[in-house]
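Okay, so here's the structure we're looking at.
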Amino acid sequence: MQTTTENKTIKGKANLEVFSSTLQELAATDRDIVVVTSDSRGSGKLVPFGQKFPEQIVEIGIAEQNLVGVSAGLASAGKKVFAVSPACFLTARALEQIKNDVAYSDNPVKLIGISAGVSYGALGSTHHSLHDYAVLRAINNITIIAPADNYETSATIKLAAESVKPVYVRLGKKNMPDLNAADQETFQFGKGRIICEGNDIAIIATGETVYPALQAAKKLDESNIQATVISMHTIKPLDYDLLESIANKCKAIITVEEHSVYGGLGEACASYLLQHRNSFNGEGWGGSFKIVGIPDEYTVTGSQAEIFDHYGISETGLAATALEMMKKPNQKQFLTP
């Protein structure tokens, strides 16, 4: 039986496909573009790239630590390296190499974590990357990006190709629609996108959770609740200016991520709001706050959509959470996950 989320027809390509086509576009005029994969040519949608540019792709095999080490070496020699591997393995098995060979050594490798979050569905917790924001946020000198739609993905890859610093890009597998944000032409790392605006509640989402957040906002409008939806595509550095402006106008904030509730987008936002009291007349922010993500447990078995539904990351779940929060008085109240 299909879930509510699965029944929706989404027009758009998978961000992975956009990643591949954008990379081919760049490689056609720049021979310094090099892809290094860990037996991920098929799952990373890189077969066309390999056919067109066989001298610009290196296959390491299922050896993620070698993947990152080789990529760091190529980057140190001036190549624009995209290291492609499933996010669950790239940011766990090769974490030491990311920390030392890439970030500490300041090699501008573009680490592409594919099939991220719970994209692998029923393959379960061994294949889910619900830790990657947390571990990488704790490492200095690396930018963390989770594009929400095809536009953000294309813009991310183009910016990453020219970056002189390490970048981690997190990509899922499902088709994603164009979110049609008002600031469609001003994408940059570290600056979130306002997808829609309202003064009652803000839903700050990242990656593939932005679309259900937008759908939840439309559902809330039926109850005369106006929501701001933010695509906070850059987890680090976080857009603190945007966070402050949203907190100053909204009574409540929900953060939503395809990640553990620990160490990711939600905790980054909560930490800033709690510590920067002077941004709110010295009294701290007085609204309600809720982190929506995967709790401290091994996930239920199911498809990505079923997992989203179970943990309230769906359109219906987010709308219900927002409605419940709007019933609470406007006071200093940080809700635990």
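If you go through the range 219-251 and keep only what is modelled with pLDDT of 95 or more, over 12 Å from the mean Cα position of the chain (by Cα) and either within 26 Å of Glu297 (Cα to Cα) or among the hydroxyl-bearing types (Ser, Thr, Tyr) (or both), you end up with Thr228, Tyr240.
Just wondering, is there one or more residues in the range 100-120 that are on the phi > 0 side of the Ramachandran plot and in contact with a Cys (Cβ under 8 Å, 6 or more places away or on another chain)? Checked against the condition, which is being on the phi > 0 side of the Ramachandran plot and in contact with a Cys (Cβ under 8 Å, 6 or more places away or on another chain), the range 100-120 yields at least one hit.
Taking the criterion of being assigned to a loop (DSSP other than H, G, I, E, B) and either touching a Gly at 6+ places or on another chain (Cβ under 6 Å) or touching a residue at least 40 places away in the same chain (Cβ under 8 Å) (or both), the residues of the range 139-153 that qualify are Ile139, Ile142, Ala146, Pro147, Ala148, Asp149. In the range 145-163, is there at least one residue being closer than 22 Å to Ser245 by Cα, touching an Asp or Glu at 6+ places or on another chain (Cβ under 7 Å) and of a type in the set (Val, Ile, Thr)? The answer is no, given that none of the residues of the range 145-163 is closer than 22 Å to Ser245 by Cα, touching an Asp or Glu at 6+ places or on another chain (Cβ under 7 Å) and of a type in the set (Val, Ile, Thr). Scanning the range 230-257 for residues that are among the hydroxyl-bearing types (Ser, Thr, Tyr) and touching a residue at least 40 places away in the same chain (Cβ under 8 Å) returns Ser231, Thr234, Thr255.
Screening the candidates Gly302, Gly317, Gly266 for the property of being in a loop (DSSP other than H, G, I, E, B) and not hydroxyl-bearing (Ser, Thr, Tyr) yields one hit, Gly302. Of everything listed in (1) free of Cβ contacts under 8 Å to residues at least 60 places away in the same chain; (2) under 21 Å from Asn141 (Cα atoms); (3) of a type in the set (A, V, I, L, M, F, W, C), the single unmet condition for Ile112 is (1). Kindly indicate the residue of the range 120-138 that is assigned to a loop (DSSP other than H, G, I, E, B) and modelled with pLDDT of 95 or more and also surrounded by the fewest Cβ atoms within 10 Å (Cβ to Cβ) among those meeting that condition. That would be Ala138.
The values are calculated or read from the model by the stated rules, or taken from the named source; none is laboratory data. The shown structure was predicted, so the numbers you read here are calculated from the model rather than taken from an experiment. Note: ideal-geometry Cβ built from the backbone for every residue, glycine included; neighbour counts use all protein chains shown.
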